[in-house]
Ligand code: GLN
Ligand code: ZN
């Protein structure tokens, strides 16, 4: 091989594309089907049409090999479970009766049977359905969906490349089925699973594909020697199959690490690696193993999970280095484009200048094609694109939006002392006790109260101009009155205003901070038919004026009890937004923290004695590799402290977390130095209370005693039992009584009953002390 011939062969490809369609046609069709308004045939026709349009768009843009099989009605990991016949026993009958309805039953459950568990796909905001396996699992090949979608692409005259979740990743993402011992390791099923993959591969080859892509993102996580051995064996055995297509093993979201030499030596024809910032180490590691002689290297140089334009010159230089390391170098995004919105050109409200900094799936596709062309035919052939790209990058780098001198100067002047409370916890706790005068086992809630249809209508009316701001604010105030009156009557100790003015805990703040951008059509799949529109951290962040103060003070004016101020923390603001890629995440976190610090200060100055800063996403942004975690936790916890540490000793700082197991970040929770933390715990029977105790956590904590994810009303006795369990780990002087999370998704009747029971439980257990 010469690097010249490797260059000449360069092609453009992607691993996957957004599924929903420009107007979220898929969401409408699937939800319509669930409601019985759309027939199965109509749903299938919509899906076929969406796939065809995506492929044609990709092909017209110059993508040489289009992905197939990446489309999904709900989730591609669930599709993989169907492909390998891993249908849970409880869903078997429904699947046998009707494959499509059975599929949705696995995804969403029915009145009678629970769905599969759902969890986050690596460190993205996409959620997949967790395969349930056990020693009795019998796999069987069902390649119908993959074969049909490949044939659709071929029939359009396109070169398709089926994309499958690889067998190692599939098993590593699985968990023991209900009733199977918790220590069962799905990876032990490998020998049963491989023949099924072999059959699917043979079917796809027979259907006419040259290549199949096997996605193994689990190999970018820390893996045990046994797991690495399994990967070695899988690709040795699949490679040795006679009747198979060429295999491209794809990795993304980070560096391959110890798995790289294994896959480089495996008898497969291609390897796809992530070459964006986070995975720069791949380049070095690839050179260290002597490259991929005789193989196809697919280079993920365009960031597949963020929305910024690529630095084409920089990517070309990476690609140039890679040319000497493989027989053929193809250009791709670092991962499936599933994680970015469809088309930036659809945005009408973003300033044209800023719009040029953004690249959604469609724009990324064009970048990939440009890079492949530059590589294959010489950079002269893309001179115009390079010039335009240079100008856009320069406009972003030199913009006052991305460089606000006041914000920068302030962030630079931050000292350790700014991120430290003026007194140690024990002294603060005494001051707060005296100041707040709360009973033992104080009761509170997490912030939001039911978001009623009326409220949503009022917001829509405001947007549409049917009511004015004054009219809208009257509605919000009426809601606050009701929420305060209820809490007083129910006997809660620390009240909240209910968050009636917020559409979403991140979006609400993003809309009011300078430097944040909102999109109109920037939808990204979160799970199933749920799509979110993450705000964009585009520039330096500042707070032009107070955000929450008047709502909190209004609520406080209605009661003698303490009303808790309520903010979304800097790490969660970051985690649920598209982030800047032109500065370290920690720098962005610090800017948000300083803006929120002013809000905290203003709340305190307005008489708020208890302020909660929510960080439900602290755990989910944890880096995939253990080696990267300490650095992340250092800036993440500093950002929280910077937000909160400026208050007086007798002002009580609360935080809240949910959606995760916290066992491995108890030290980080401690490092937040919050006075009180509320955590999700009801379903795990106060597990987190034991974890905090084991760590010697010295501060106050409220492990949730009311599971708010279900409309079920917990009885007072049940909540009291959980409190007694909590008391075994946390002493009464430090135990709070609260639900697992906010109540915005609940209805009023069950909220009322549940909180009344929660207060009754606190009273009962207090009387036993
Ligand atoms: N304060 C927020 C609420 O009550 C917290 C939400 C969350 O943790 N996700 O809704
Ligand atoms: Zn929560």
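Looking at (1) closer than 18 Å to residue 525 by Cα; (2) surrounded by 18 or more Cβ atoms within 10 Å (Cβ to Cβ); (3) in the same structural domain as residue 331 (by the TED database), find the lone condition where residue 63 falls short.
So the condition that residue 63 fails would be (1).
Does the stretch 66-74 contain at least one residue that is in the same structural domain as residue 153 (by the TED database), surrounded by fewer than 20 Cβ atoms within 10 Å (Cβ to Cβ) and under 26 Å from residue 187 (Cα atoms)?
Narrowing the stretch 66-74 to residues in the same structural domain as residue 153 (by the TED database): 66-74.
Filter again for surrounded by fewer than 20 Cβ atoms within 10 Å (Cβ to Cβ), leaving none.
Within the stretch 66-74, none of the residues are in the same structural domain as residue 153 (by the TED database), surrounded by fewer than 20 Cβ atoms within 10 Å (Cβ to Cβ) and under 26 Å from residue 187 (Cα atoms).
Every residue in the stretch 500-513 that is within 11 Å of residue 548 (Cβ to Cβ), part of a loop (DSSP other than H, G, I, E, B) and in contact with a strand residue (DSSP E or B) (Cβ under 8 Å, 6 or more places away or on another chain), please. I'd like the intermediate steps shown before the answer.
Taking the stretch 500-513 and keeping what is within 11 Å of residue 548 (Cβ to Cβ), we get 501-502, 508-509, 512.
When the remaining residues are screened for being part of a loop (DSSP other than H, G, I, E, B), the result is 501-502.
502 - this is the single residue of the stretch 500-513 that is within 11 Å of residue 548 (Cβ to Cβ), part of a loop (DSSP other than H, G, I, E, B) and in contact with a strand residue (DSSP E or B) (Cβ under 8 Å, 6 or more places away or on another chain).
For the stretch 471-482, does any single residue satisfy the condition of being away from ligand 2 (no atom under 16 Å from the Cβ), at pLDDT 95 or above and part of a strand (DSSP E or B)?
Looking through the stretch 471-482, none of the residues is away from ligand 2 (no atom under 16 Å from the Cβ), at pLDDT 95 or above and part of a strand (DSSP E or B).
Go through the residues of the stretch 502-510 one by one and say whether even a single one is in contact with a helix residue (DSSP H, G or I) (Cβ under 6 Å, 6 or more places away or on another chain) and surrounded by fewer than 21 Cβ atoms within 10 Å (Cβ to Cβ).
The answer is no; no qualifying residue exists.
Kindly provide the set of residues from the stretch 324-337 that are surrounded by fewer than 24 Cβ atoms within 10 Å (Cβ to Cβ) and in a helix (DSSP H, G or I), ordered by number.
none
Residue check: is residue 297 assigned to a strand (DSSP E or B), without any contact (Cβ under 8 Å) to a residue 40 or more places away in the chain and more than 24 Å from the chain's Cα centre (by Cα)?
On the way: assigned to a strand (DSSP E or B): yes; without any contact (Cβ under 8 Å) to a residue 40 or more places away in the chain: yes; more than 24 Å from the chain's Cα centre (by Cα): yes.
The answer is yes for residue 297.
If a residue has to be in contact with a helix residue (DSSP H, G or I) (Cβ under 7 Å, 6 or more places away or on another chain) and away from ligand 1 (no atom under 16 Å from the Cβ) to count, how many in the stretch 604-635 make the cut?
Counting residues in the stretch 604-635 that are in contact with a helix residue (DSSP H, G or I) (Cβ under 7 Å, 6 or more places away or on another chain) and away from ligand 1 (no atom under 16 Å from the Cβ) gives 8.
Go through the stretch 142-178 and count every residue that is surrounded by fewer than 20 Cβ atoms within 10 Å (Cβ to Cβ) and in a strand (DSSP E or B).
Final tally of qualifying residues: 2.
Among the residues of the stretch 440-454, write down those that are closer than 20 Å to residue 614 by Cβ and away from ligand 2 (no atom under 16 Å from the Cβ). Explain how you work it out, then say what you get.
First pass over the stretch 440-454, keeping only residues closer than 20 Å to residue 614 by Cβ: 442-451.
Within the stretch 440-454, 442, 443 meet the criteria.
Considering each residue of the stretch 389-425, count those that are in contact (Cβ under 8 Å) with a residue 40 or more places away in the chain and assigned to a helix (DSSP H, G or I), and give that number.
Of the residues in that region, 15 qualify.
Given the criterion buried (at least 22 other Cβ atoms within 10 Å of the Cβ) and over 22 Å from residue 213 (Cα atoms), identify the matching residue among 29, 93, 97, 86.
Details: 93 fails: buried (at least 22 other Cβ atoms within 10 Å of the Cβ); 97 fails: buried (at least 22 other Cβ atoms within 10 Å of the Cβ); 86 fails: over 22 Å from residue 213 (Cα atoms).
None of the other options fit; the residue is 29.
Given the condition more than 16 Å from ligand 2 (Cβ to nearest atom) and either out of contact with any helix residue (DSSP H, G or I) (no Cβ under 9 Å at 6 or more places or on another chain) or touching a residue at least 60 places away in the same chain (Cβ under 8 Å) (or both), answer yes or no: does some residue in the stretch 701-719 qualify? Give the derivation first.
Restricting attention to the stretch 701-719, the residues satisfying the condition of being more than 16 Å from ligand 2 (Cβ to nearest atom) are 711-719.
Restricting the remaining residues to those that are either out of contact with any helix residue (DSSP H, G or I) (no Cβ under 9 Å at 6 or more places or on another chain) or touching a residue at least 60 places away in the same chain (Cβ under 8 Å) (or both) gives none.
No.
Yes or no, residue by residue, for (1) more than 25 Å from residue 347 (Cβ to Cβ); (2) under 14 Å from the mean Cα position of the chain (by Cα); (3) within 16 Å of ligand 2 (Cβ to nearest atom); (4) in a helix (DSSP H, G or I):
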{"position": "515", "(1), (2), (3), (4)": "no, no, no, no"}
{"position": "519", "(1), (2), (3), (4)": "no, no, no, no"}
{"position": "522", "(1), (2), (3), (4)": "no, no, no, no"}
{"position": "525", "(1), (2), (3), (4)": "no, yes, no, no"}
{"position": "546", "(1), (2), (3), (4)": "yes, no, no, no"}
{"position": "551", "(1), (2), (3), (4)": "yes, no, no, yes"}
{"position": "565", "(1), (2), (3), (4)": "yes, no, no, no"}
{"position": "574", "(1), (2), (3), (4)": "no, yes, no, yes"}
{"position": "583", "(1), (2), (3), (4)": "no, no, no, no"}
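Restricting to the stretch 675-698, name every residue that is over 12 Å from residue 740 (Cα atoms), more than 14 Å from ligand 1 (Cβ to nearest atom) and buried (at least 21 other Cβ atoms within 10 Å of the Cβ).
Passing the criteria: 675, 689, 691, 692.
Give the stretch 635-661 a look and list any residue that's surrounded by fewer than 19 Cβ atoms within 10 Å (Cβ to Cβ) and either closer than 16 Å to residue 677 by Cα or without any contact (Cβ under 8 Å) to a residue 12 or more places away in the chain (or both), or say none.
Within the stretch 635-661, 659, 661 qualify.
Tell me which of these residue 450 doesn't satisfy, since it passes every other one: (1) over 17 Å from residue 553 (Cα atoms); (2) modelled with pLDDT of 95 or more; (3) exposed (fewer than 14 other Cβ atoms within 10 Å of the Cβ).
(3)
Just to confirm my filter: which strands (runs of 3 or more DSSP E) fall fully inside the stretch 622-740 and include at least 1 residues that are assigned by the TED database to the domain that holds residue 446 and more than 26 Å from residue 760 (Cβ to Cβ)?
On the way: elements: 652-657, 676-679, 700-703.
It comes to 652-657.
Could we say that residue 342 is buried (at least 23 other Cβ atoms within 10 Å of the Cβ) and farther than 22 Å from residue 71 by Cβ here? Show your work before the answer.
Values: buried (at least 23 other Cβ atoms within 10 Å of the Cβ): yes; farther than 22 Å from residue 71 by Cβ: no.
So residue 342 fails the test.
Evaluate the stretch 346-357: report whether one residue or more is under 28 Å from residue 3 (Cα atoms) and surrounded by 19 or more Cβ atoms within 10 Å (Cβ to Cβ).
Filtering the stretch 346-357 for residues under 28 Å from residue 3 (Cα atoms) gives none.
So far as the stretch 346-357 goes, no, none of its residues is under 28 Å from residue 3 (Cα atoms) and surrounded by 19 or more Cβ atoms within 10 Å (Cβ to Cβ).
Just to be sure I understand the filter: pairs with C-beta atoms under 6 Å, separated by 6 or more residues or on different chains, first member in the stretch 431-445 and in the same structural domain as residue 724 (by the TED database), second member part of a helix (DSSP H, G or I). Which pairs pass?
As it stands, the answer is 440/732; 440/766; 441/762; 441/766; 443/759; 443/762, since those pairs meet every condition given.
Scan the stretch 484-499 and give yes if some residue there is closer than 30 Å to residue 583 by Cα, within 14 Å of ligand 1 (Cβ to nearest atom) and assigned to a loop (DSSP other than H, G, I, E, B), otherwise no.
no
Just name the residue that is farthest from ligand 2 (Cβ to nearest atom) out of those in the stretch 686-700 that are out of contact with any helix residue (DSSP H, G or I) (no Cβ under 6 Å at 6 or more places or on another chain) and more than 23 Å from residue 611 (Cα to Cα).
Ranking the qualifying residues of the stretch 686-700, first place goes to 696.
Test of understanding: among 670, 664, which residue is at pLDDT below 95 and either surrounded by fewer than 17 Cβ atoms within 10 Å (Cβ to Cβ) or more than 16 Å from ligand 2 (Cβ to nearest atom) (or both)? Even if it seems obvious, please write down each step before you answer.
Details: 670 fails: at pLDDT below 95.
Being at pLDDT below 95 and either surrounded by fewer than 17 Cβ atoms within 10 Å (Cβ to Cβ) or more than 16 Å from ligand 2 (Cβ to nearest atom) (or both) holds for just one of 670, 664, which is 664.
Every residue in the stretch 654-672 that is farther than 13 Å from residue 617 by Cβ and touching a strand residue (DSSP E or B) at 6+ places or on another chain (Cβ under 8 Å), please. Break it down stepwise before answering.
Step one: filter the stretch 654-672 for residues farther than 13 Å from residue 617 by Cβ, giving 654, 661, 663-664, 666-667, 669-672.
Residues satisfying the conditions are 654, 669, 672.
Determine whether the stretch 428-438 contains at least one residue that is in contact with a helix residue (DSSP H, G or I) (Cβ under 7 Å, 6 or more places away or on another chain) and surrounded by 18 or more Cβ atoms within 10 Å (Cβ to Cβ). Before you say what the answer is, go through the steps one by one.
Filtering the stretch 428-438 down to residues in contact with a helix residue (DSSP H, G or I) (Cβ under 7 Å, 6 or more places away or on another chain) leaves none.
Within the stretch 428-438, not a single residue is in contact with a helix residue (DSSP H, G or I) (Cβ under 7 Å, 6 or more places away or on another chain) and surrounded by 18 or more Cβ atoms within 10 Å (Cβ to Cβ).
Could you please find all residues in the stretch 741-754 being within 16 Å of ligand 2 (Cβ to nearest atom) and assigned to a helix (DSSP H, G or I)?
Keep residues of the stretch 741-754 that are within 16 Å of ligand 2 (Cβ to nearest atom), which gives 741-746, 751, 754.
Within the stretch 741-754, 751, 754 meet the criteria.
Which one of 310, 282 is within 22 Å of residue 375 (Cα to Cα) and in a helix (DSSP H, G or I)? It would help to see each step written out before you state the result.
Numbers: 310 fails: in a helix (DSSP H, G or I).
After applying the criteria, what remains is 282.
The values are calculated or read from the model by the stated rules, or taken from the named source; none is laboratory data. If you're wondering where the values come from, they're calculated on a predicted model, not measured in any experiment. Don't worry about glycine lacking a Cβ; one is built from the backbone with ideal geometry, like all the others, and counts go over all protein chains shown.
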